[in-house]
1. I'd like to check which helices (runs of 4 or more DSSP H) are fully inside the range 22-100 and have at least 1 residues that are free of Cβ contacts under 8 Å to residues at least 12 places away in the same chain and either at negative phi or surrounded by 23 or more Cβ atoms within 10 Å (Cβ to Cβ) (or both).
2. Being in a strand (DSSP E or B), touching a helix residue (DSSP H, G or I) at 6+ places or on another chain (Cβ under 7 Å) and more than 27 Å from residue 236 (Cβ to Cβ), is that true of even one residue in the range 147-164?
3. Scanning for something surrounded by fewer than 16 Cβ atoms within 10 Å (Cβ to Cβ), without any contact (Cβ under 8 Å) to a residue 24 or more places away in the chain and within 13 Å of residue 49 (Cβ to Cβ), does the range 103-118 turn up at least one residue?
4. Confirm whether residue 182 is over 16 Å from the mean Cα position of the chain (by Cα), surrounded by fewer than 21 Cβ atoms within 10 Å (Cβ to Cβ), in contact (Cβ under 8 Å) with a residue 24 or more places away in the chain and assigned to a helix (DSSP H, G or I).
5. Just wondering, is there one or more residues in the range 222-235 that are outside any helix (DSSP H, G or I), out of contact with any strand residue (DSSP E or B) (no Cβ under 9 Å at 6 or more places or on another chain), at pLDDT below 95 and surrounded by fewer than 20 Cβ atoms within 10 Å (Cβ to Cβ)?
6. From 213, 203, which residue is under 22 Å from residue 156 (Cα atoms), surrounded by 14 or more Cβ atoms within 10 Å (Cβ to Cβ) and either touching a strand residue (DSSP E or B) at 6+ places or on another chain (Cβ under 8 Å) or modelled with pLDDT under 95 (or both)?
7. Only one residue in 126, 131 is in contact with a helix residue (DSSP H, G or I) (Cβ under 7 Å, 6 or more places away or on another chain) and crowded, with 24+ Cβ neighbours inside 10 Å, so which one is that?
């Protein structure tokens, strides 16, 4: 089957060769385990049942998970095994099943969820770069309870330079609106753990204050702030190929971050999360050892 599942539309038969995402059509996982470093309403005390998929259609030059996104580290598994992993994470007490960058495996994910639809009783989180087609997202309607998208760039120039995706914001803005239309307003359980809704993430980058402000302005003007959560992150660390881009080959300054947080207040964005600047630590990057696969 010719693959058009992501915005790259590379039109290759992934049963015979790899796509732009770097992987074929057999599910490849790098890690499946409880994870405690998501937003508090996702991880809670029990942890989020994260499933890290290998490959990625975006391949940002600063990716902290480049070992799996660009290096394609992982183990190929069957759809049946993927379904079993979902149930194993549930058995371990996970608050949710957290599908991390699984957009290039949407069809396989749906098949796995179908296999466990009568046994899986925790929410499904779709943790995304935001670079998704509306057509593909519509396939997930009814399968995903919580959307956790990034909005990485507003500027086409920045998106092209760091992710070779000048259409990023045009695509991601439509994708985020589709996600909200599927899940609606946030809902929490009695523990304060999110069971339905959307958390829009944005990571502030060095020399990217204006871009961040444009993104926050768009969120305030185009999404219902009383029905979503917004997570502004300061964890940027110069990984992977960042050394080739001097303007981002450093961590965020306090002044840059404060300017973005001040603008967040100006936009009336109150419901959500703000990381401390000290969150920019390499130890927050997961250990991709194949655990749980």
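The values are calculated or read from the model by the stated rules, or taken from the named source; none is laboratory data. Treat the numbers as computed from the prediction; the structure is a model and nothing was measured. Positions of Cβ are generated from backbone atoms using ideal geometry, with glycine treated the same way; all protein chains shown enter the neighbour counts.
1. On the way: elements: 40-43, 66-69, 79-91.
Those helices (runs of 4 or more DSSP H) span 79-91.
2. No, because not a single residue in the range 147-164 is in a strand (DSSP E or B), touching a helix residue (DSSP H, G or I) at 6+ places or on another chain (Cβ under 7 Å) and more than 27 Å from residue 236 (Cβ to Cβ).
3. No, the range 103-118 contains no residue that is surrounded by fewer than 16 Cβ atoms within 10 Å (Cβ to Cβ), without any contact (Cβ under 8 Å) to a residue 24 or more places away in the chain and within 13 Å of residue 49 (Cβ to Cβ).
4. Details: over 16 Å from the mean Cα position of the chain (by Cα): yes; surrounded by fewer than 21 Cβ atoms within 10 Å (Cβ to Cβ): yes; in contact (Cβ under 8 Å) with a residue 24 or more places away in the chain: yes; assigned to a helix (DSSP H, G or I): yes.
Judged against the criteria, residue 182 is a match.
5. Looking for residues that are outside any helix (DSSP H, G or I), out of contact with any strand residue (DSSP E or B) (no Cβ under 9 Å at 6 or more places or on another chain), at pLDDT below 95 and surrounded by fewer than 20 Cβ atoms within 10 Å (Cβ to Cβ), one finds none in the range 222-235, hence no.
6. Details: 213 fails: either touching a strand residue (DSSP E or B) at 6+ places or on another chain (Cβ under 8 Å) or modelled with pLDDT under 95 (or both).
Checking each option against the conditions leaves just 203.
7. Working: 126 fails: in contact with a helix residue (DSSP H, G or I) (Cβ under 7 Å, 6 or more places away or on another chain).
After ruling out the rest, the residue left standing is 131.
This table checks each residue for (1) over 19 Å from the mean Cα position of the chain (by Cα); (2) in contact (Cβ under 8 Å) with a residue 40 or more places away in the chain; (3) outside any loop (DSSP other than H, G, I, E, B).
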| residue | (1), (2), (3) |
| --- | --- |
| 206 | yes, yes, no |
| 213 | yes, yes, yes |
| 237 | no, yes, no |
| 250 | yes, yes, no |
